[in-house]
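Every number in this text was worked out from the coordinates using simple rules, so none of it is lab data. As the structure is a prediction and not an experimental result, all values here were calculated from the model. We place every Cβ from the backbone using ideal geometry, glycine too, and count neighbours over all the protein chains shown.
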Amino acid sequence: MHKIAVLPGDGIGPEVVAEGLKVLNALSENYSVKFDFQEFDISSERYLRTGKLVTAEDMDQLRKFDSIFLGAIGDDRVRPGILEKGILLALRFGFDQYINHRPAPLWRPFGRLKRDVDFNIDVFRENTEDYYIGAGGRVNNGRGSLDLHVKRHLYDMKVRLEANADAADDYAFEIGMMSRKNIERFADHVIAFSNIIGENYITVVDKANVCSNIYSLWREVWDEKCKKAGKGHGYMYVDAMTMALVKNPDKFRVIAVPNMFGDIITDLLAEVTGGLGLAPGGNINPEGISMFEPVHGSAPKYKGMNRINPVATILAAKMMLDSLGHRDLGQVVQQAVRTAFDQGVYTQDLGGKATTTEMGDAVVEAIRKAK
Ligand code: IPM
Ligand code: MG
């Protein structure tokens, strides 16, 4: 029995999560796997009603589960950053999910490139540091000090920033930070993954030509780790990487990328594979509780219309199965999505006619037939 915390969240989150659960339930009817789902209302609605983001109580409750299955968080009524940092990032950091794994295989015939080029990329995005640490602030009139605080499972750090400018302007800071131990454990995971799939090369992305403090530490660790593991690796600047992912995605297999640039290139790559409607992600803590979600957001304008593509969330459920040790069932789900597409069932974002629920039904049907 796998205990799964279900967080449907905002906007179209509940609709796509319902389809993901439908697929997981279809598996437990046909295979020997059982889930105990418990739903949590951690959402913008709750925030607007009660002012609560993720509370210490929520964290204590969630800690009792094997995995977290998340829809989407985001609401136009709330100022940018509140829900993102207060819910999504709080969960990622709070459960020390230091790896964000975003697979990006080409989904024929939906690929958006003009040229038919086959590719299958796994992106590993560092998920707790970089420019996402939330340390920054403003000094007005050219002077001031900021007392900053970064707390992670690996450390609890205070940082003091003193600014004294000769021009009495307003200044805003956003500090990026990486720690050696975190990069090390992240690199270990990516190297282990590439060993499992038999890949001997990792493309490491950064912007070490400009942000050379933060990314020289990053490179130092990658050089050490890859040398020790006998793993080939090479670096790409992120600007060149965005170009290469459109031009030659077939040149890449495993990509490791810092948090901020990872956010950007995974949206780009999702589009190249067929669209955000097909892109799942796993926030992974190999020793703890991982959380699975679609890469897309809450798309509030499509809420309640039964037209959003649930496949990203269904594939997030697939990743959750993999992480719970059911790679065979993960494969069943992946294949069922393929079968549904091959039968011509797909949603409007892909040029099809299926509704959200019809798409989920087609995947369920394919699972039943495959048995
Ligand atoms: C993502 C999202 C989040 C991120 C936001 C909503 C905080 O864009 O999962 O890619 O930046 O990581
Ligand atoms: Mg993003």
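Numbers for the structure displayed
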quantity: Normalised contact order of the chain, rounded percent, pairs of Cα under 8 Å and 6 or more residues apart; calculated: 22 percent
quantity: Packing-based order for 145-155, 215-225, using average beta carbon neighbours within 10 Å, highest first; calculated: 215-225, 145-155
quantity: In range of the label at A56: residues from the stretch 115-156 whose backbone nitrogen is under 20 Å from the point 7 Å along Cα→Cβ; calculated: 149-156
quantity: Local electrostatic count, F93, Cβ distance below 13 Å [Lys/Arg +1, Asp/Glu -1]; calculated: -2
quantity: Set of the stretch 66-98 residues, backbone N closer than 17 Å to the point 7 Å along the Cα-Cβ line of R138; calculated: 79-82
quantity: For H101, H2, order by how many other beta-carbon atoms lie within 10 Å, fewest first; calculated: H2, H101
quantity: Pair I196, H153: separation of 7 Å Cα→Cβ label points (nm); calculated: 1.7 nm
quantity: Extent along principal axes [Cα atoms of the chain; Å; largest to smallest]; calculated: 70, 51, 38
quantity: Reach of K371 by Cα under 14 Å, taken over aspartates and glutamates that are not fewer than 8 positions away in the same chain; calculated: E29, D328
quantity: Relative contact order (%) - the stretch 214-371, alpha-carbon pairs under 8 angstrom, separation at least six; calculated: 16 percent
quantity: Reciprocal of mean inverse Cα separation for the stretch 131-175 (Kirkwood radius, Å); calculated: 11.3 Å
quantity: Per-residue Cβ neighbour rank within 10 angstrom, fewest leading, R108, R77, R92; calculated: R77, R108, R92
quantity: Highest average packing first - 318-324, 34-40, 6-12, 24-30, Cβ atoms within 10 Å; calculated: 6-12, 318-324, 24-30, 34-40
quantity: Surrounding net charge for L113, when Lys and Arg each add one and Asp and Glu each subtract one, Cβ distance under 12 Å; calculated: +1
quantity: Cβ-defined net charge surrounding R46, 15 Å radius [Lys, Arg +1; Asp, Glu -1]; calculated: -4
